[in-house]
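Engineer: The structure's right below; bear with me while I get my questions together.
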Amino acid sequence: MVYTNNHPDYTIANEMRLDRMESAPLYLKIASDLEAEISTGALRPGEKIESERTLSERTGVSRMTARQALRHLISKGLVETRPGHGTFVGSRKVEQRLETLSGFTEEIRRQGRQTSSVIVASATRRADETTAKALSLPASAQVHSLTRVRFVDGAPVALETTDIVAGMAPGLLERADFRSTSLYDTLRSEFDIVPTIAEQTLMAGLADANIARTLATEVGSPVLTLTRLTRDQSGNAFEYVRSTYRGDFFVMRVNLSLNPERPS
C-alpha cells in the first residue's frame, strides 16, 4: 500500500487498521493515515498540515480526493481551517461539566490548560432590557458590564459578556485585571459573593461575520450560544452572562441518573 506511517509508535493495531481500510475509498485511506499521525503525536495540536495540493502531489491522487480527505478530518473535529493560513491539527477539546458551577478561568485551569482574555469593553452602565429582565432589576439599575474574548492555549474560543449588579459589587471593574484574573475569585474575596446556583441555557447556532472574525473561524461554522443567570449563597441573582463558544472546541458533559420515582 502506498500510504504508510513510519512513526515509531505505529503499532500492530495501526497495521490492522490499514488492513481494514484496503477496501475503503481512497480519501478515507489518506484521512486514516493522517488521523494515525495525529493520534500518535507525529502531528501535534496546532501544527500546520499539508495543503490539499501538497497532499495530492505526495500521495498521487487528485486534489478533489485530497480535499475529501481533509474535509473528513474536519468533520471529525481533528483538524481545522484558518482562513488565509491553512489547515491545522485541532486543539484538544475543552470539556465543560454542566452539573458543576464554575467560572471560565477556573474550569480551564482545572483541566491544566492555559487561559487568558482580551477585554473588548468594560464599563458600569445602565442595564439593557434583557439584562434588567433576567436580573429582575428596575429600568434605571446599573450593572458592571465586561465583554471579553476568551482564549485557551492561545486560541480564541469564546466571546463573553458578563453583567454584574453594580450595587452588590461597588468598584468591581477597578479591583482586578480581568484579562487574567478570575471574576468569581474576585467576587468571593472582595465582596463575599459566592456563586452558588445558576440557570443555564445552551443553543446551537452558526457564526455570523463578527463572531467568525473574533473567534478566527469561518462564517457559518457551528457555535454554541450560552446564557446563565447566577445566584449567590443567599439566593440573590447577581450575574447574567451571554456567551458564544466555538462549537469545534467544546464538549458539554453532564451525568444523568434515572429518577426511581419516574421509571422510563
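Engineer: Residue by residue, what Karplus-based ³J(HN,Hα) values in Hz, rounded to whole numbers, does the stretch 125-142 have, using 6.51, -1.76 and 1.60 with θ = phi - 60° and x for Gly and Pro?
Structural biologist: 8, 5, 5, 6, 4, 5, 5, 4, 5, 4, 8, 6, 9, x, 4, 8, 5, 9
Engineer: Here's something else I'd like to know. Around Thr115, which amide H atoms from residues at least 5 apart in sequence, or from another chain, sit under 5 Å from its own amide H, with H modelled in the peptide plane?
Structural biologist: Sorted by chain and number, the residues that satisfy this are Asp153.
Engineer: Now for a separate question. Between Asp192 and Thr81, what is the FRET efficiency for a Förster distance of 41 Å, r being their Cβ-Cβ separation, to the nearest 0.05?
Structural biologist: It comes to 0.30.
Engineer: Compute the distance in nm between two label points, each set 7 Å from the Cα along the Cα-to-Cβ direction, one at Gln233 and one at Arg71.
Structural biologist: Here the modelled spin labels are 5.6 nm apart.
Engineer: How much length would be gained if the chain were fully extended between Glu199 and Ser140, taking 0.36 nm per residue of separation minus their Cα-Cα distance, in nm to one decimal?
Structural biologist: Values: separation 59, 0.36 × 59 = 21.24 nm, distance 2.42 nm.
Gain on extension, Glu199 to Ser140, equals 18.8 nm.
Engineer: Another question about this same structure. Long-range amide H contacts for Ala207: which residues qualify at under 5 Å (H placed 1.01 Å from N, peptide plane, sequence gap of 5 or more or a different chain)?
Structural biologist: Amide H neighbours of Ala207, under 5 Å, 5+ apart: Gly220, Ser221, Val223.
Engineer: Highest mean first, how do 182-189, 229-236, 159-166 rank when packing is the count of other Cβ atoms within 10 Å averaged over residues? The partial results should precede the final answer.
Structural biologist: On the way: 182-189: 18.2, 229-236: 15.2, 159-166: 21.6.
The densest-packed peptide leads the list: 159-166, 182-189, 229-236.
Engineer: Continuing with the same structure: If we count every other residue with Cβ under 11 angstrom of Thr65's Cβ, Lys/Arg +1 and Asp/Glu -1, where does the sum land?
Structural biologist: For residues surrounding Thr65, the net value is +3.
Coordinate-derived values only; no laboratory data. Predicted, not measured: the structure shown is a model, and the values here were computed from it. Positions of Cβ are backbone-derived with ideal geometry, glycine not excepted, and every protein chain shown enters the neighbour counts.
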